[in-house]
1. Ignoring any ligand, DNA or RNA, what whole percent of the accessible area of chain A comes from carbon and sulfur when the probe is 1.4 angstrom?
2. Averaged over B:158-166, how many beta carbons belonging to a partner chain fall within 10 Å of each residue's beta carbon?
3. So what's the back-of-envelope 222 nm ellipticity for the protein assembly as shown, counting only DSSP H runs of four-plus at -39500 (n - 2.57) apiece and dividing by all residues, rounded to 500?
4. Determine the order of A:V77, A:V198 by accessible area, beginning with the largest, at a probe radius of 1.4 Å.
5. How many nm separate the modelled label positions at A:K179 and A:S245, each set 7 Å beyond the Cα in the direction of the Cβ?
6. Structure shown: which of A:K37/A:K340; A:K179/A:K347; A:K56/A:K298; A:K56/A:K302 lie over 24 Å apart, alpha-carbon to alpha-carbon?
7. So what are the ³J(HN,Hα) numbers for the stretch A:228-233, from phi and the Karplus equation (6.51, -1.76, 1.60; θ = phi - 60°), rounded to whole Hz, Gly and Pro as x?
8. Within the stretch A:308-332, which residues have the backbone N less than 15 Å from the label spot 7 Å out from A:N143 along Cα→beta-carbon, could you tell me?
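The values are calculated or read from the model by the stated rules, or taken from the named source; none is laboratory data. Just so it is clear, the model here is predicted, and its values are computed rather than measured. Glycine also receives a Cβ, built like all others from the backbone with ideal geometry; neighbour counts cover every protein chain displayed. Ligands, DNA and RNA are excluded from the accessible area calculation, which covers all protein heavy atoms including side chains. Shrake-Rupley method; radii C 1.70, N 1.55, O 1.52, S 1.80 Å.
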Amino acid sequence: MSKTTALFIAAMLGCTSFAALDARAYEGVAKGDTSAKKIAFSNSYAGNSFRQVMIKSFEEMGAKAVADKQIAATAVVSSNNSVTEQASQIENLILQGYDAIIVLAGSDTALNGAIKDACNAGITVVAFASGVTEPCAYVVDYNLDSYAKAELDFISSKLGDKPANILEIRGMAGDGFDKRLHEGVEKAMKAHASYKAVGEVYGQWTATVAQKEVSGILPSLPQVDAVLTQGGDGYGAAQAFKAASRPLPIIIMGNRQDELALWKQEHDAGGYETFSLGATPSVSQVAFWVAQQILAGKQVPKFVEVPLLQINQPDLDAWLKTVPAGGVVNAEYPQELVAKIIDANVKKEPLPGVPAPK
Amino acid sequence: MSDAPARVPARSPSNPRSALLNAMQVGLPAIALLVMLAIIFSIRPAAMSYFGFHLLFKLSVPLVFAALAQMMVIMLGDIDLSNGAFVGLITCITALYLGDAPAIAALCYLVLIAAYAGLGLLIHARQLPSIIVTLGMSFIWLGIAVILLPAPGGSAPAWLAAFMSWQPPLMPLSIWLAALAALAGHLVISRSSYGVVLRGAGGNPRAVQRAGWSVVGIRVAVYAAAGLLACLAGLTLTGLTTSGDANVAPAYTLLGVGAVILGGGAFTGGVVSPVGTVVGALTLSLAGSLLSFLQVPPTWQIGAQGVILFLVLAGRVLLSERAR
């Protein structure tokens with residue numbers, strides 16, 4: 001009898017310690033030992049500068065984590081935009097005994113078989129910046145509704161509820177990113193009844209194209225108070241307004257170096273103020289730490305939203321110094337920041353911003 | 001050329017030395033395959049198991065069928081540049097219809113195989129270069145696939161996915177299928193008397209015609225067979241990926257050509273080896289895996305894969321020069 005009681009008490013103690021563990025795992029960095037774990041990055045394409053920076057960010061953060069004895073090893077494999085090859089590479093990574101695989105998928109669905117195999121082999125799979133549909137994978141991605149909302153929130157912080165004319169520069173017709181961001185804009189516009197969408201052009205995320213397209217539509221437009229963008233198009237839009245001798249409206253920038261340089265120049269000359277936001281190639285680091293934290297025992301939701309990198313007036317100079325000419329703003333995502341991002345996702349709180357460089 | 005005896009059995013070893021070289025020429029992709037496996041096993045001994053082979057060769061099943069489809073066309077002295085896009089279209093049809101409306105799916109397959117046969121007829125009747133016709137068709141296949149399934153999706157019927165992950169006794173499914181395909185191809189193309197006629201239609205069509213065979217009929221039948229094999233490639237690929245994607249397999253076109261040539265085939269027509277093609281397809285699909293086991297930096301991987309291909313192909317060309 002006493003033996004059963006002892007067992008019962010032991011079980012109760014066990015339960016409470018589990019509960020305590022859970023509470024600790026809920027917030028902050030999970031400290032489970034992952035020093036023997038290996039994390040691999042399966043990348044669908046390595047042939048452009050954005051992807052090159054993405055791989056480099058992952059490798060640097062991985063090397064640092066290995067040096068700090070947080071993980072044992074990392075590896076990167078890239079397929080040349082061939083989905084079948086990426087699938088077989090994932091099968092190989094299973095065979096090579098990796099504990100977690102982060103995936104930038106070349107197809108939202110065609111890797112499902114391979115990802116399922118990895119999950120069945122007990123491997124943590126984190127897909128990022130792509131909409132992988134296999135439910136066993138964790139997904140780390142931006143929310144384009146928040147992108148659009150942040151743009152309009154800034155505009156309303158400057159213009160208030162006054163009637164205003166808004167020009168939207170979109171990406172490319174038929175593109176998935178463009179479609180989702182535009183839907184976000186339509187949703188966000190509903191919250192601002194006094195704002196009127198007066199025009200829409202396709203700038204292809206390129207300064208020269210945006211300049212040409214905006215120049216083309218400007219003569220037909222009344223006064224434009226604000227311009228919504230998708231990144232890469234802000235500089236061209238500003239040039240178009242200047243060429244037409246119109247005052248510069250609030251043009252939301254997209255974290256490109258030329259856009260920030262123009263913003264600074266206009267601010268120094270006449271106090272021009274705007275706001276910049278965008279995706280960062282180093283989102284691979286977020287996926288890396290999410291995978292590490294899952295291995296360390298942290299409770300992570302299946303979808304982790306990543307904050308967009310936002311630049312406000314006071315931080316402009318600091319960010320501008322970090323960007324190479326012609327480049328895109330990039331940032332480091334250290335372990336603590338990623339843990340905070342995960343916690344904010346769990347608690348459905350506003351995501352922490354990426355701190356400005358000192 | 002026309003009065004020369006049909007050079008169907010292209011290689012006729014005259015002395016033991018060239019016989020050995022001939023054997024090596026066919027055996028080269030097999031040797032390359034074994035060397036790659038040996039390297040992988042030395043890096044990761046755990047891969048030398050049923051499960052290891054299962055994972056290593058899983059994705060090579062569709063490539064084996066796609067390469068055999070390409071081999072049929074190359075046997076006639078033609079080339080098929082629409083092979084990969086066609087496989088993508090089959091994955092879309094399979095993911096959309098095979099589960100809920102198998103009759104519609106079967107009808108689509110039949111129509112598409114008939115279209116392939118019609119392609120053979122068109123190429124023969126109008127004496128068109130196959131490279132142009134099939135290049136054009138690749139865009140048509142892709143276009144139909146995108147209309148059917150604008151964004152990747154759909155789902156493979158459960159039985160198909162289950163079959164592709166089935167683990168039969170003795171060897172993994174992929175090895176069984178590759179072995180069966182190689183055996184069937186060997187018996188039909190390399191051993192049967194009809195196979196001689198088929199190869200003859202590519203090597204010396206006039207001689208075959210004079211012998212009383214319909215070259216048109218042969219071409220139509222061979223193109224239909226190529227369509228059927230490409231259908232099998234699409235079906236097995238859908239079973240593996242569990243979904244349809246129009247852009248899933250463009251690489252199969254040229255990998256298939258590579259496998260045929262690697263396996264002892266020649267663009268002149270009439271010279272192909274089904275066993276060699278299957279081994280060639282396995283070799284090419286393993287080349288990518290080898291690089292990820294060797295941990296080649298990502299920026300070098302694409303180039304390194306090309307180097308492996310080049311080395312194996314160059315080895316084969318050197319051997320065939322010697323054998324002559």
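1. Ligands and nucleic acids excluded, carbon and sulfur give 56 percent.
2. On the way: counts 0, 0, 0, 3, 0, 0, 1, 4, 0.
Mean shielding by partner chains, rounded to a whole number: 1.
3. Counting only the DSSP helices, I get -19000 deg cm²/dmol.
4. On the way: A:V77 5, A:V198 35 Å².
Solvent-accessible surface, decreasing: A:V198, A:V77.
5. Between A:K179 and A:S245, the simple spin-label model gives 4.4 nm.
6. A:K179/A:K347; A:K56/A:K298; A:K56/A:K302
7. Calculated HN-Hα couplings, in order: 8, 10, 10, x, x, 10 Hz.
8. A:308-309
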